[in-house]
Amino acid sequence: MKSLFNKFLTKLIPSLAEETTELSNEELEQQEICMPDPNDPDDVTFAKVFTSKGGKFFYCDDQEDFYAMFKQLITENNWNHSYCSNDELKESLKPTELEFETDYQKADSCISNCEFLIAFNGSIMVSGAQTKGLKIEQLPEALVVIAYTSQIVKDINQGLRGIQTKYGRTRPSMVTTIRTKQSITTMSDSDRAKDLYIFLIEDYKETR
């Protein structure tokens, strides 16, 4: 499964520097192949749905792989004022030498972790543990989420059960999902739409 997943992602996800304006017939055929299938495992379903809705998805074989791709993304987008409210996450990002903006209103991007990645609709479940009292619409438009393969769940109900198990009686007051701008169909959802980038780090190697 591991090698198959790598091959799938190689075909599905363009390199950070590559932007395609027109699709060839071969690419269109490949795009059809990459549509979700009921038999796909949850990680593949998430990758397919998320990217089909305009999300930028980067699969990382390990932590070092993540550091390299993360720094490349920051450089190519010229983000110099990233906001991150999670001290533990900022500590883990020290090898990237990224300097963080303390005022979210002055930030050009936001770096965050999440609770779960929801496979069936390609959304990101977050809680007050990530937002620290801020509303989703207050965060910068460019949102970079760092997640692990173990955080992918099939649907929202499974994610909510996971949060209950994780926090118990101390469950965060705010639990919501964030989606890409292209996935929004109603105005009521528009305040939770962002330009989303996801780095998915492999932590299930022993099972693949």
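Between their Cα atoms, which of Lys166/Lys194; Lys48/Lys106; Lys94/Lys132 are more than 29 Å away from each other? Don't jump to the answer; show the numbers that get you there.
On the way: Lys166/Lys194 26 Å; Lys48/Lys106 33 Å; Lys94/Lys132 21 Å.
Check vs 29 Å cut-off fails for Lys48/Lys106.
What is the fewest-to-most order of Arg169, Arg161, Arg179 by other Cβ atoms lying within 10 Å of their Cβ? Numbers along the way, then the final one.
Values: Arg169 5, Arg161 12, Arg179 23.
Final ranking by Cβ density, sparse to dense: Arg169, Arg161, Arg179.
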* Asked: At what distance in nm do the modelled label points of Lys90 and Asn78 sit from each other, each positioned 7 Å from its Cα along Cα→Cβ?
  -> 2.6
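How much length is gained if the chain between Leu160 and Gln105 is pulled fully straight, taking 0.36 nm per residue apart and subtracting their Cα-Cα distance, in nm to one decimal? Spell out each step's value before the answer.
Details: separation 55, 0.36 × 55 = 19.80 nm, distance 2.99 nm.
Result for the pair: 16.8 nm of gain on full extension.
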* Asked: Considering amide H positions built from the backbone, and no H for Pro or chain starts, which residues 5 or more places from Tyr59, or on another chain, come under 5 Å of its amide H?
  -> Leu200
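Computed from the coordinates by the stated procedures, all read-outs in this text should not be read as laboratory data. Given the structure is predicted, the values throughout are model-derived calculations rather than measurements. In this analysis, Cβ positions are derived from the backbone assuming ideal geometry, glycine residues included, and neighbour counts consider all displayed protein chains.
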